[in-house]
Amino acid sequence: MKFRVAVFISFLFISTHGFAQEDFSWWTSIHQWDGHTPWNQYMTMSTSFLGPNALPVPELKNGKLSEELEVELAAGAHFSKGDKTQDFFSRLYIPLCNGKVALESYVVPLEFFSTDTLTRDTRAARTKSAQGHAGGDIYFSTHVQLLQDKESWPDIALELAFRTASGTRLRDARYTDGSGYFMDLSFGKSIALAEERDIELRLFAMAGFYSYQTYDLLHLQNDAFLGGLGLNLISKQFLFSQSLSGYRGYLDIGDRPMVYKASLQWKRRKLDGKVWYQWGINDFPYQSIRVGLLYHLAM
C-alpha cells in the first residue's frame, strides 16, 4: 500500500513539474534567442503575421444608421496556405435617439486554429503543436448620424470604435494582447432602380484613421489611413453588398491589408439569413466565409 502511494505521489510530481516547465528549446534554437530579449520582440504585429481575427479590416459602413435592434450570430472559417481557422462571431447593435445614435459591440468569442510549422516559425509562435483555441478581442463602437435624407447631399455617419486587449494566445500570434481604436466617416447615397418594386442601388464610401499597439520598442503604435468603397443592391427580399476596403500602416511590415467583401442577406420579418465572404487581396493571406442569422426588431 505504501509502495502504491509513493508511486502515485512520484507520478503526480513528475507530471506537474513537466507541465510547469514547458520545453522551449526548439523555439530558442530556431529563432536564435539571445537569452534576454522578451520573446514577443520576435513577433511582427501585422495582418501578414497574425491570425485572421487579430487585426481585421473594419466593416465598411454605408452612411446610414439602422433604426432596428440587431443581434447577429455566425460561424465561419478562414483559409490560407499555412493557417486553417474556424470561429464563432456575435454582434449586438442598439439604436438610440430615434436612430440618430447607436451603440455596437462585437466579438469572436472562440476560434480554433491549426497552422503548419513553416507558418508557426515565420510568426515566431511558441506552441510546438501549432494548434489550439483562442478567445478574441471585444470591440465597442458609437455611431452618430450627422446628415440624412438631404436631396443634394449624401447621408453621413460618424463611427468611433475601441478594441479591448481581451484576445488570448499572443504566444501563438492569434491576437495582439494590445488595445486599438479607429474612427471614420461614412458617406452613402441611394438611387431608385424600380420604385414600383422597391429596388434601389446604394453607393457608399468610408475614410478614417486606424491605430493599434505594437511591441516594437521604436514604434509602440502603428497608425494607418482607413478607407473603402462599396455598393449595395437592396430589395424587400434581399440585400446584396460588396466592398473594397483596407488600411495602410506606416511601418510597412505587412501592415497594409486590402480585402474584398461580399454578403447576401435574405430578409424576413424578424430573422434574416446571411452569408458573408472575404478575400484578402494584399497583406491579408486569407479567404474567409461566415454563415449566420440576424435577428432585428424595430425600436
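Quick note: the coordinates plus some simple rules give every number you see, no bench work behind them. Quantities reported herein were computed from a predicted structural model and do not represent experimental measurements. Don't worry about glycine lacking a Cβ; one is built from the backbone with ideal geometry, like all the others, and counts go over all protein chains shown.
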**Asked** Of the chain, which part is the longest with no trypsin sites (Lys or Arg not before Pro) in a loop (DSSP not H, G, I, E, B) and with at most 11 other C-beta atoms within 10 angstrom?
**Response** 151-235
**Message:** With +1 assigned to the C-beta of every Lys and Arg and -1 to the C-beta of every Asp and Glu, and no other charges, what is the dipole magnitude of region 42-298 about the Cα centre in debye, to the nearest 20?
**Reply:** 560 debye
**Request:** Per residue of region 216-233, in order, report the coupling 6.51 cos²θ - 1.76 cosθ + 1.60 (Karplus, θ = phi - 60°) as ³J(HN,Hα) in whole Hz, putting x for Gly and Pro.
**Result:** 6, 5, 8, 9, 6, 9, 9, 10, 9, 7, 10, x, x, 10, x, 8, 10, 10
**Item:** Unit charges on C-beta of K, R, D, E only; dipole of region 77-144, Debye
**Value:** 100 debye
**Message:** Within 10 Å of each candidate Cβ there may be at most 15 other Cβ atoms; applying that plus a DSSP loop requirement, which GluC sites (Glu not before Pro) in region 55-106 survive?
**Reply:** Glu67
**Request:** Find how many whole Å separate the alpha carbon centroid of region 84-104 from the alpha carbon centroid of region 25-53.
**Result:** 34 Å
**Prompt:** Between [x] 22.4; [y] 21.2; [z] 21.8, which matches Kirkwood radius over Cα pairs in Å calculated for the structure shown?
**Reply:** [y]
**Message:** Need the C-alpha centroid separation for region 234-299 versus region 195-209, integer Å.
**Reply:** 15 Å
**Prompt:** Helix 2-20 versus the longest principal axis of the chain: what is the Cα-based angle in degrees, 0 to 90, to the nearest 10?
**Reply:** 50 degrees
**Request:** Give the relative contact order (percent, whole number) for the chain; include only Cα pairs under 8 Å separated by 6+ residues.
**Result:** 17 percent
**Message:** Whole-Hz ³J(HN,Hα) for each residue in region 186-201, computed from phi via Karplus 6.51 cos²θ - 1.76 cosθ + 1.60 with θ = phi - 60°, x for glycine and proline: what do you get?
**Reply:** 10, 10, x, 9, 9, 10, 6, 9, 8, 4, 5, 9, 6, 10, 9, 10
**Request:** At 7 Å along the Cα-to-beta-carbon direction for both Phe238 and Leu217, put a label point, then send me their distance in nm to one decimal.
**Result:** 5.6 nm
**Complete:** Given pairs Lys81/Lys274; Lys150/Lys189; Lys61/Lys84; Lys64/Lys267; Lys236/Lys274; Lys100/Lys267 and cut-off 20 Å on Cα-Cα distance, the over-length ones are Lys81/Lys274; Lys61/Lys84; Lys100/Lys267
**Asked** At 222 nm, what helix-only mean residue ellipticity would the chain give, in deg cm²/dmol to the nearest 500, using -39500 (n - 2.57) for each DSSP H run of four or more?
**Response** -3000 deg cm²/dmol
**Request:** Within the set of other residues whose C-beta is less than 15 Å from the C-beta of Ile94, count the net charge using Lys and Arg as +1 and Asp and Glu as -1.
**Result:** -4
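With a ≥ b ≥ c the root eigenvalues of the C-alpha gyration tensor of region 128-260, is it rounded (a/c under 1.5), prolate (a/b larger than b/c) or oblate?
Prolate shape, in that a/c is at least 1.5 and a/b is the bigger ratio.
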